[in-house]
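Worksheet: the structure to be examined is printed underneath.
The values are calculated or read from the model by the stated rules, or taken from the named source; none is laboratory data. In this text, all values refer to a predicted model and were calculated from it rather than measured experimentally. A quick note on method: Cβ atoms are made from the backbone with ideal geometry, for glycine too, and the neighbour counts reach across all protein chains shown. Surface accessibility is based on the protein's heavy atoms, side chains included, excluding ligands, DNA and RNA. Shrake-Rupley method; radii C 1.70, N 1.55, O 1.52, S 1.80 Å.
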Amino acid sequence: MNTEEQNATVHISLKDVVLEGFLDIPSDPKGLVLFSHGSGSGRLSPRNNYVSNILQQKGIATLLFDLLTESEDKIYKNRFDIEKLTHRLIETTQWAQQHQKIKGLPLGYFGASTGAASALRAAAFFGTAIKAVVSRGGRPDLAMDELSEVKASTLFIVGSRDTDVISMNQRAYEKLKCRKKLEIIPGAGHLFEEPGKLRAVAEISATWFLRWLEKNPENYV
């Protein structure tokens with residue numbers, strides 16, 4: 001796929017809502033990563049935008065979008081409605097699969113906090129159509145029933161100081177039957193706000209996506 005670099009605000013028309021997002025396509029993209037944000041976060045998330053920028057520099061297209069409309073986000077319980085958020089991510093993935101500029105690209109998910117649960121549930125829904133998933137400080141334990149169905153190569157990233165979330169990730173990790181890795185970042189807390197820690201997350205994530213956003217990832221061991 002040969003394109004020039006493109007950056008655009010997109011309006012994603014789904015069955016019942018229109019969601020706003022940022023679609024960034026580097027030249028000759030190696031794949032597309034959709035971001036599933038955590039509770040109360042969206043396309044403006046500074047941490048996810050930071051990771052997105054690093055992925056773009058590595059040649060990966062990114063789509064950051066709001067899983068909830070502005071009015072929906074004002075209802076607190078919607079932020080933790082994993083089923084609703086998963087459905088929105090599935091529909092947005094289907095939108096991306098038909099979008100003229102990005103259709104045919106290998107697909108991955110980057111999920112943060114509770115967004116990791118919707119990313120994993122959606123990955124289970126799509127099977128081999130999703131090549132890779134990265135969870136940053138995620139709550140994969142909120143997708144326990146679906147984890148055994150995930151086919152995508154899955155990376156859990158957790159800060160060493162985020163002890164409760166480490167335990168949640170370890171329990172979820174055991175349920176996965178796909179290619180998987182649990183990466184613990186020394187000295188990092190839940191939000192990876194310490195100097196250099198978010199950069200480490202971005203670099204590790206980019207390496208994971210570049211490895212598995214391949215048409216034939218079975219060639220790797």
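Assorted remarks:
- Candidates Ser41, Ser118, Ser167, ranked by Gaussian network fluctuation over the chain, Cα under 10 Å, top entry: Ser167
- The lysine pair count for the range 57-137, using Cα distances under 22 Å and pairs eight or more places apart or on different chains, is 6.
- When each of the peptides 188-197, 55-64 is scored by how many other beta carbons lie within 10 Å of its residues on average, the order from highest to lowest is 55-64, 188-197.
- When +1 charges are put on Lys and Arg Cβ atoms and -1 charges on Asp and Glu Cβ atoms, the dipole computed for the chain relative to its Cα centre reaches about 460 debye.
- Think of a 1.4 Å ball rolled over the protein heavy atoms: the chain then has 46 Å² of accessible area per residue.
- Taking amide H as placed 1.01 Å from N in the peptide plane, Arg179 has its amide H under 5 Å from the amide H of Thr154, each at least 5 places away in sequence or on another chain.
- Using the alpha carbons alone, the radius of gyration of the range 1-152 stands to its Kirkwood radius in an Rg to Rh ratio of 0.94.
- Ligands, DNA and RNA left out, the accessible area of the chain computed with a 1.4 Å probe is 47% carbon and sulfur.
- Projected label distance in nm at Glu83 and Thr128, using a 7 Å step from Cα toward the beta-carbon: 3.1
- Each part gets one Cα centre, and for the range 105-148 versus the range 7-46 those centres are 16 Å apart.
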